[in-house]
Amino acid sequence: MLEEIIIPRTITVHLGRPNTAAENLTVDFVYYLKNVASSEIYPTWPYEALRANIWAQMSLVLNRVYTEWYRGRGYPFDITNSTAYDQAFVKGRNIYDSVAAVVDEVIGQFLQKPYFREPYYAEYCDGKIAQCPGMKQWGTLDLANRGFDSTRIIRYYYGETMQFRETDNVQYITPSYPGYALRRGSQGQNVFIIQELLNGIAVNYPNIPLIYPPDGIFGEVTERAVRTFQQQFNLSVDGIVGQTTWNQISRIYVAVRKLAELGSLGRPQGYFTGLWTGRVLRRGDVGIEVQQLQYFLSVIAQTYTNIPPVDIDSRFGAGLERSVRAFQREFGLAQDGLVGQVTWNTIYETYIALTQ
């Protein structure tokens, strides 16, 4: 999984289903998108329908690149041309002028959910022969003819909170693996990334030890988490993050967070920076945000004895609710046991004040 959203200079397309023997064709990325759009939609459709479809196509392929969906599995390509898995691409096909003009206009633009880091996996289908929970291509034609602009069309299918982003970060695709193994004693951003991803995976695999605070230092707890992960997923158990373990950690994180699905749980922006994720936390919730809340409160409880200490287990249970209510009472907040933006920010600011 990449650390930044890029517009690839080139992209390698597998001309078939992932596991079938077929040609791998490397093409200019802008040409790829023009080919996909010319293969998927009609050039006579209204501008607003074309634009909505091309936004979705752009976002879907950028999600494939960002998540290293195929490269992380050892395939020598970035996407397929099978509509059962990805989107249509026809080698050598003609490109429609009306479609090409819209691609040139929106190149670099993509969809993203609020507080998430990955380009949105904008699943779509034709809506006539094939059905899906995402955007319906023929439906976009109907909506455009009814006066919907492209923004309204996108939000009609993907939700009112969908964000429209743009980047000019054009570069060749390079693997996320740093090129060297991480092990006990390693330090830096790559160690922090592994800690982030393992903590996310531990929500679904609670036998993996949580690494708190994630600090970019490969110590004893990180090594134990790596070893447990390796044992869980049948890898060589050596506590070292080489390329195979790195790719598997990334792949499992993408899977458990559903980053390449319509209902993505998201890779939170600003992991462990105290940035509120836009999600009100309450009893019954499970996830990365709950982990962080538990850690912040566990530190605060060491100083504020009226606040009960909490375990860090990713689950918002009765004990965490009691601690939240006690914190709210201590700091003059509404004692509802819910962690919205005000309560979250106050907890984080208190944590920072105690740890600086």
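Read-outs throughout are calculated quantities, based only on the coordinates presented, and are distinct from any laboratory measurement. What you see is a predicted model, and the numbers here were worked out from it, not measured in a lab. Here the Cβ is made from the backbone with ideal geometry for all residues, glycine too, and neighbour counts use every protein chain on show.
Compared with the dominant Cα axis of the chain, that is its longest principal axis, helix 318-330 is turned about 70°. What is the distance in Å between the Cα centres of region 30-94 and region 274-298? Their Cα centres are 36 Å away from one another.
Counting helices only, and only those DSSP H runs with n ≥ 4, report the 222 nm mean residue ellipticity of the chain as the sum of -39,500 (n - 2.57) divided by its residues, in deg cm²/dmol to the nearest 500.
Values: 11 runs with 143 residues, N = 356.
Computed mean residue ellipticity for the chain: -12500 deg cm²/dmol.
Across the chain, C-alpha contacts under 8 Å between residues 6 or more apart give a mean separation that, scaled by the residue count, equals a relative contact order of 15 percent. If R0 is taken as 22 Å, the Cβ-Cβ distance between Ala318 and Asn234 corresponds to a FRET efficiency of 0.05.
Given a Förster radius of 56 Å and the C-beta distance between Gln302 and Asp28 as r, what FRET efficiency does 1/(1 + (r/R0)^6) yield to the nearest 0.05?
Working: r = 57 Å, r/R0 = 1.01.
With R0 = 56 Å, the Cβ-Cβ based efficiency is 0.50.
Our estimate of slack between Gln131 and Thr167, defined as 0.36 nm per intervening residue step minus the Cα-Cα distance, is 9.8 nm. Modelled spin labels at Glu4 and Ile352, positioned 7 Å past Cα toward Cβ, are 2.5 nm from each other.
Counting lysine pairs in the chain that sit 8 or more residues apart in sequence, or on different chains, and whose Cα atoms lie under 23 Å apart gives 7.
Rg ratio for region 288-355: its Cα radius of gyration over 2.2 N^0.38 Å, N being its residue count, equals 0.95. Translational diffusion coefficient of region 189-256 (Stokes-Einstein, Kirkwood radius from Cα pairs, 10 °C, 1.306 mPa s): 139 µm²/s.
Round to the nearest 0.05 the FRET efficiency obtained for Asn94 and Arg184 when R0 = 51 Å and r is the Cβ-Cβ distance. So the FRET efficiency works out to roughly 0.35. Candidates Thr151, Ile54, Ser323 compared by Cα position along the dipole of the chain: farthest toward the positive end lies Ser323, with charges placed on Cβ.
Taking 0.36 nm per residue of separation and subtracting the Cα-Cα distance, what length does fully extending Leu275 through Arg329 add? Each step should come with its number before you reach the end.
Numbers: separation 54, 0.36 × 54 = 19.44 nm, distance 2.26 nm.
Full extension of this stretch gives 17.2 nm more.
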